[in-house]
Amino acid sequence: MPKRVFIKTMGCQMNVNDSDLMARALASAGYETIPTPKGADLILVNTCAIREKAEQKVYSFLGRLAALKAKNPGLLIAVAGCVAQNQGDAVFSRAPHVDLVLGTHETARLPELVRELSHGRRKITATRFNTLIPETPFPPAPGAPRKVSAFVTIMQGCDNFCAYCVVPYVRGREMSRTPEAVLGEARGLVSSGVREIVLLGQNVNSYGKKEGLPSFSRLLEKVAEIPGLLRLRFTTSHPKDLSPELVRAFAAIDKLCPHIHLPVQSGSDRVLKRMKRGTTRAEYIEKAAALREARPGIAITSDFIAGFPGETEEDFDLTLSLIETVGFDSVFAFQYSDRPVAPSSRFPDKVPEKEKARRLNRLLELAGNISRAKNEALVGVVEPVLVEGRGARDTGQWTGRGPTNRVVNFDAKDAPPEDLTGRIVTVRVEKGLPHSLWGQVVPGGSEGTFRREESHAA
């Protein structure tokens, strides 16, 4: 009988991908992934440390596991990801029932370390940084759900050292995989049924620069040539490294979806300089305009921090005006929080918590109104939707994503009764909702890559 593992994933797309890799590694060691902690032989918590609230959630969840450990002393509990890398042995002090602390560069060693714990070794900390990204050639776990879209890591770490950010400290310095490794993994995924590849890294725009590899734009071209691949995306980009070559790629590569996540964080040059972002408000606006000229209808999404130390009301008003000027399709925004290793934690002029919350609410309200208006403007538009599966709440509906990465839920009553998962179907939008679209499938819509004239955004 196989052993059972429950994996709790917190945080970004990199953590989602790492959890998938660790599940595959454990499957090769005889572990079956289960959906709840009950009955697990191993509980793996993959953690995020980007904000204080994220770290609090980690320890809150770990606290709830203490009772399970008390009932079943043989249960193994592992903490992986950014909190593990950042805190190391200190995790054991706050959560004594944890058995393994696994850093961000050590995921490939997980089966080996779990075996050591199973054979009686007590409490292991593995948080070394590597100089190369280890290849983990583990096949998909038997019985794993079919994937329509899959991440492929192309690089890890970051060299930017923004004043507020812990990523360089918990993910290490930038390292890029070779094009051959990336292409080999992508081809294998497509041959297994994946139809969309998302190239993943903390700053994909700087891919290969340190190693002298072909540019990121060239890598996009090579991945797009893989037979059977329908769509190509990437995340995340740094505005200062967005090159004219990459902007042109949106015009030249048909499979490259018209969507870019381009975090800006603030609309004030004074705050951007203090954040060490390496770009200005005017440069960001210029790059957004260049993207829309290269690929009309491209969706631009972004990240913002409300209440960075020293941010004045005038600075915040500049952020609001930038949101209006660019007209983001959606944004992710958060209150600033100190992270102990980040330089901004030592800045003296902190914004009061109440004021940070007020600013965040204003920002989200404005951005939400813009996003909702863009979605409503799509009513009547025909969208090619890559179907991800049945709708979660209504088995008579399906769900997928349009080219601009909007979630599209639709009724397929006029479509053939077969499974639509992994197909591109044509959907006429009938409702624009705050965070998604709803429509009806158009009979006779054909599978394939979307034509340029089929891609729409407000």
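Estimated from helices alone, the mean residue ellipticity of the chain at 222 nm is -10000 deg cm²/dmol (sum of -39500 (n - 2.57) over DSSP H runs with n ≥ 4, per residue). For a straight C-alpha distance cut-off of 19 angstrom, the lysines reachable from residue 53 (same-chain residues fewer than eight places away being disregarded) are 8, 350, 354, 356.
In a DSSP loop and with at most 16 other Cβ atoms within 10 Å, the GluC sites (Glu not before Pro) in the stretch 309-418 are 418. Under 21 Å Cα to Cα from residue 3, which lysines show up? Leave out anything in the same chain fewer than 8 places away. Answer for residue 3, where 21 Å is the Cα cut-off: 38, 69, 71, 123, listed by chain and number. Partner lysines whose Cα lies under 19 Å from the Cα of residue 255, excluding those fewer than 8 positions away in the same chain, are identified as 147, 222.
The share of Cα pairs per 5 Å bin across the stretch 29-117, counted from zero up to the longest distance, runs 3, 14, 26, 26, 20, 9, 1, 0 percent.
The dipole here belongs to the stretch 185-291: it is taken about the Cα centre, uses +1 on the Cβ of Lys and Arg and -1 on the Cβ of Asp and Glu, and is about 420 debye. For the chain, taking the reciprocal of the average inverse distance between every pair of different Cα atoms yields a Kirkwood hydrodynamic radius of 23.4 Å. Under a model in which nothing but the beta-carbon of Lys, Arg (+1) and Asp, Glu (-1) is charged, the chain shows a dipole of about 1120 debye around its Cα centre. For the chain, the relative contact order is 10 percent, taking Cα pairs closer than 8 Å that sit 6 or more residues apart in sequence and dividing their mean separation by the residue count. The longest stretch of the chain left intact once loop-based trypsin sites (Lys or Arg not before Pro) with at most 11 other Cβ atoms within 10 Å are removed from consideration, loops following DSSP, is 129-392.
Placing +1 on the Cβ of every Lys and Arg and -1 on the Cβ of every Asp and Glu, with nothing else charged, gives the stretch 272-355 a dipole about its Cα centre of roughly 460 debye. Here the simple spin-label model places points 7 Å from the Cα toward Cβ, and for residue 112 and residue 433 these points are separated by 4.7 nm.
Every number in this text was worked out from the coordinates using simple rules, so none of it is lab data. Please read these numbers as outputs of a predicted model, since none were measured by experiment. As a convention, Cβ positions derive from the backbone with ideal geometry for all residues, glycine included, and neighbour counts pool all protein chains shown.
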